[in-house]
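Here is the structure we will look at.
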Amino acid sequence: MREKLARFMVGRNGADALSKFFLYVALVLVIITMFSHNAIIYLLAIASLVYSYFRMMSRNVSKRYYENQQYLRMTDKVRDKFRGASAKAKYQKSKAVYEREQKKIYKIYYCPSCKQKIRVPKGKGKIMITCPKCKMEFVKRT
Ligand SMILES: [Zn+2]
């Protein structure tokens, strides 16, 4: 059976990205039809399914390849946007984790004279802090 199918598919386009896309579209439309019973949506589902199978069975591989490339080019921007968004989310998450870690280790003080932000290690008891900017000294508990 597998062999028969493999032989049948020789010289045919097979499942490319655009065929899969129409297969998904057909699936979504079928699900919508189950709830809405809309004849037009149902016809669109069938059409998408037929087109998807037509692409997979097609022997005009070069033309299907060209269409698939166009589809990939068209959707490239969308996929890029998704990739960009997930990278940004990852960066923001790591930044938040970093800041939380810093808060655990350090205590932030502001110099009473020049308002310079000074980061000192936590849990050292009473310490003398020297402002790196104006050299003002002050005592704080960490
Ligand atoms: Zn200062």
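The values are calculated or read from the model by the stated rules, or taken from the named source; none is laboratory data. In this text the structure is predicted, and so the values were computed from the model without any measurement. When we count neighbours, we look across all protein chains shown, and the Cβ atoms used for this are built from the backbone with ideal geometry, even at glycine. For accessibility, only protein heavy atoms count, side chains too; no ligands or nucleic acids. Shrake-Rupley method; radii C 1.70, N 1.55, O 1.52, S 1.80 Å.
Please determine whether any residue of region 97-105 is over 30 Å from F138 (Cβ atoms), assigned to a helix (DSSP H, G or I) and either of a type outside the set (S, T, Y) or open to solvent by 50 Å² or more (accessible area, probe 1.4 Å) (or both).
Looking through region 97-105, at least one residue is over 30 Å from F138 (Cβ atoms), assigned to a helix (DSSP H, G or I) and either of a type outside the set (S, T, Y) or open to solvent by 50 Å² or more (accessible area, probe 1.4 Å) (or both).
Condition first: surrounded by 10 or more Cβ atoms within 10 Å (Cβ to Cβ) and part of a strand (DSSP E or B). Now tell me which residues in region 118-129 satisfy that.
Within region 118-129, I118, R119, V120, P121, I127, I129 meet the criteria.
Going by the structure shown, is Q92 exposed (fewer than 13 other Cβ atoms within 10 Å of the Cβ), within 29 Å of the chain's Cα centre (by Cα) and farther than 30 Å from M128 by Cβ?
Taking the combined requirement at face value, the residue satisfies it.
Could you list, in sequence order, the residues of region 15-48 that are surrounded by fewer than 16 Cβ atoms within 10 Å (Cβ to Cβ) and either within 25 Å of R73 (Cα to Cα) or of a type outside the set (A, V, I, L, M) (or both)?
Matches in region 15-48: A15, A17, K20, Y24, L27, V28, F35, S36, H37, N38, A47.
Identify, from the list P132, P112, the residue that is touching a residue at least 24 places away in the same chain (Cβ under 8 Å), within 14 Å of the ligand (Cβ to nearest atom) and assigned to a loop (DSSP other than H, G, I, E, B).
Of the residues listed, the single one that is touching a residue at least 24 places away in the same chain (Cβ under 8 Å), within 14 Å of the ligand (Cβ to nearest atom) and assigned to a loop (DSSP other than H, G, I, E, B) is P112.
Table: residues versus (1) touching a Pro at 6+ places or on another chain (Cβ under 8 Å); (2) surrounded by 12 or more Cβ atoms within 10 Å (Cβ to Cβ); (3) modelled with pLDDT of 90 or more.
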position: E3; (1), (2), (3): no, no, no
position: N13; (1), (2), (3): no, yes, yes
position: V50; (1), (2), (3): no, yes, yes
position: R73; (1), (2), (3): no, no, yes
position: K81; (1), (2), (3): no, no, no
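For (1) under 30 Å from F22 (Cβ atoms); (2) away from the ligand (no atom under 16 Å from the Cβ); (3) of a type outside the set (S, T, N, Q), each residue gets a yes or a no:
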{"residue": "N68", "(1), (2), (3)": "yes, yes, no"}
{"residue": "K77", "(1), (2), (3)": "yes, yes, yes"}
{"residue": "F82", "(1), (2), (3)": "yes, yes, yes"}
{"residue": "V97", "(1), (2), (3)": "no, yes, yes"}
{"residue": "R100", "(1), (2), (3)": "no, yes, yes"}
{"residue": "I105", "(1), (2), (3)": "no, yes, yes"}
{"residue": "I108", "(1), (2), (3)": "no, no, yes"}
{"residue": "Q116", "(1), (2), (3)": "no, no, no"}
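Identify the single condition in (1) on the phi < 0 side of the Ramachandran plot; (2) surrounded by 12 or more Cβ atoms within 10 Å (Cβ to Cβ); (3) not in a helix (DSSP H, G or I) that R59 does not satisfy, given that it satisfies every other one.
So the condition that R59 fails would be (2).
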